[in-house]
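Below you'll find the structure, written out as C-alpha coordinates, and then a few comments.
The values are calculated or read from the model by the stated rules, or taken from the named source; none is laboratory data. If you're wondering where the values come from, they're calculated on a predicted model, not measured in any experiment. Because the Cβ atoms are built from the backbone with ideal geometry, glycine has one as well, and the counts that use them run over all protein chains shown.
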Amino acid sequence: MNDFVLDSTDLDILRCLQENARLTTKELAARVNLSTTPVFERLKRLERSGFIKKYVAVLDAEKLNLGFVVFCSVKLKQMSREVARTFVSIIRDISTPPT
(Lines give C-alpha, C1' and ligand atoms only; values in the text may rest on other atoms or scores of the structure.)
Protein backbone atom coordinates (compact mmCIF):
# COMPACT_ATOMS: atom_id res chain seq x y z
CA MET A 1 0.00 0.00 0.00
CA ASN A 2 1.28 3.46 -0.82
CA ASP A 3 1.98 5.69 2.15
CA PHE A 4 1.12 8.93 0.39
CA VAL A 5 -1.60 10.43 -1.74
CA LEU A 6 -0.84 11.91 -5.13
CA ASP A 7 -1.31 15.66 -5.22
CA SER A 8 -1.97 17.79 -8.29
CA THR A 9 1.75 18.32 -8.92
CA ASP A 10 2.40 14.56 -8.85
CA LEU A 11 -0.44 14.11 -11.33
CA ASP A 12 1.00 16.86 -13.54
CA ILE A 13 4.38 15.13 -13.50
CA LEU A 14 2.78 11.82 -14.46
CA ARG A 15 0.81 13.46 -17.28
CA CYS A 16 3.94 15.08 -18.67
CA LEU A 17 5.86 11.81 -18.52
CA GLN A 18 3.06 9.98 -20.31
CA GLU A 19 3.43 12.46 -23.16
CA ASN A 20 7.23 12.34 -23.19
CA ALA A 21 9.15 10.14 -20.76
CA ARG A 22 12.46 11.52 -22.07
CA LEU A 23 11.96 14.95 -20.55
CA THR A 24 14.91 16.02 -18.46
CA THR A 25 14.29 16.91 -14.85
CA LYS A 26 14.88 20.54 -15.79
CA GLU A 27 12.28 20.41 -18.60
CA LEU A 28 9.81 18.60 -16.37
CA ALA A 29 10.34 21.14 -13.58
CA ALA A 30 9.59 24.00 -15.97
CA ARG A 31 6.36 22.32 -17.08
CA VAL A 32 5.08 21.80 -13.53
CA ASN A 33 6.39 25.14 -12.20
CA LEU A 34 8.83 23.76 -9.63
CA SER A 35 12.59 23.79 -9.31
CA THR A 36 14.56 20.71 -10.33
CA THR A 37 15.34 19.36 -6.85
CA PRO A 38 11.71 18.86 -5.72
CA VAL A 39 10.80 17.39 -9.12
CA PHE A 40 13.72 14.97 -8.90
CA GLU A 41 12.66 13.95 -5.38
CA ARG A 42 9.04 13.50 -6.50
CA LEU A 43 10.14 11.37 -9.46
CA LYS A 44 12.17 9.09 -7.21
CA ARG A 45 9.26 8.80 -4.78
CA LEU A 46 6.84 8.00 -7.63
CA GLU A 47 9.23 5.32 -8.89
CA ARG A 48 9.84 3.81 -5.43
CA SER A 49 6.11 3.76 -4.69
CA GLY A 50 5.33 1.98 -7.95
CA PHE A 51 3.37 4.75 -9.62
CA ILE A 52 6.04 4.74 -12.32
CA LYS A 53 6.85 1.14 -13.18
CA LYS A 54 9.16 1.72 -16.12
CA TYR A 55 9.94 4.01 -19.00
CA VAL A 56 9.20 2.70 -22.48
CA ALA A 57 9.54 3.70 -26.10
CA VAL A 58 6.42 3.64 -28.26
CA LEU A 59 7.53 2.50 -31.68
CA ASP A 60 5.97 3.45 -34.99
CA ALA A 61 4.68 0.13 -36.36
CA GLU A 62 4.12 1.63 -39.81
CA LYS A 63 7.72 2.79 -40.12
CA LEU A 64 8.90 -0.60 -38.91
CA ASN A 65 6.60 -2.19 -41.48
CA LEU A 66 4.72 -3.98 -38.75
CA GLY A 67 1.00 -4.23 -38.45
CA PHE A 68 -0.59 -5.11 -35.19
CA VAL A 69 -1.06 -8.31 -33.24
CA VAL A 70 -4.52 -9.68 -32.64
CA PHE A 71 -5.34 -12.54 -30.34
CA CYS A 72 -8.71 -14.10 -30.88
CA SER A 73 -10.56 -17.32 -30.31
CA VAL A 74 -12.48 -18.98 -33.12
CA LYS A 75 -15.02 -21.73 -32.76
CA LEU A 76 -15.87 -23.63 -35.94
CA LYS A 77 -19.15 -25.51 -36.37
CA GLN A 78 -17.39 -28.27 -38.28
CA MET A 79 -13.82 -29.43 -38.25
CA SER A 80 -12.02 -31.38 -40.88
CA ARG A 81 -8.66 -31.12 -42.60
CA GLU A 82 -10.25 -29.28 -45.50
CA VAL A 83 -12.07 -26.81 -43.22
CA ALA A 84 -8.82 -26.22 -41.31
CA ARG A 85 -6.85 -25.65 -44.55
CA THR A 86 -9.49 -23.22 -45.81
CA PHE A 87 -9.58 -21.38 -42.50
CA VAL A 88 -5.78 -21.05 -42.35
CA SER A 89 -5.72 -19.84 -45.95
CA ILE A 90 -8.31 -17.14 -45.23
CA ILE A 91 -6.39 -15.96 -42.14
CA ARG A 92 -3.11 -15.85 -44.08
CA ASP A 93 -4.77 -13.74 -46.78
CA ILE A 94 -6.00 -11.33 -44.13
CA SER A 95 -2.63 -11.08 -42.39
CA THR A 96 -0.46 -10.79 -45.51
CA PRO A 97 0.19 -7.16 -46.35
CA PRO A 98 -0.42 -6.14 -49.94
CA THR A 99 2.70 -5.80 -52.08
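From the residues in the stretch 50-75 that are of a type in the set (Phe, Trp, Tyr) and modelled with pLDDT of 80 or more, which one is farthest from GLU19 (Cα to Cα)?
PHE71
When you check GLU41 against the structure, is it within 28 Å of the chain's Cα centre (by Cα), modelled with pLDDT of 90 or more and of a type in the set (Asp, Glu), yes or no?
Answer is yes for this residue.
Which residues, taken from the stretch 49-75, are surrounded by 10 or more Cβ atoms within 10 Å (Cβ to Cβ) and among the hydrophobic types (A, V, I, L, M, F, W, C)?
PHE51, ILE52, ALA61, LEU66
Being among the small types (Gly, Ala, Ser) and either surrounded by fewer than 10 Cβ atoms within 10 Å (Cβ to Cβ) or touching a residue at least 40 places away in the same chain (Cβ under 8 Å) (or both): is that true of SER35 here?
For SER35, the condition - among the small types (Gly, Ala, Ser) and either surrounded by fewer than 10 Cβ atoms within 10 Å (Cβ to Cβ) or touching a residue at least 40 places away in the same chain (Cβ under 8 Å) (or both) - is not met.
Yes or no: LEU46 assigned to a helix (DSSP H, G or I) and either out of contact with any His (no Cβ under 9 Å at 6 or more places or on another chain) or surrounded by 10 or more Cβ atoms within 10 Å (Cβ to Cβ) (or both)?
yes
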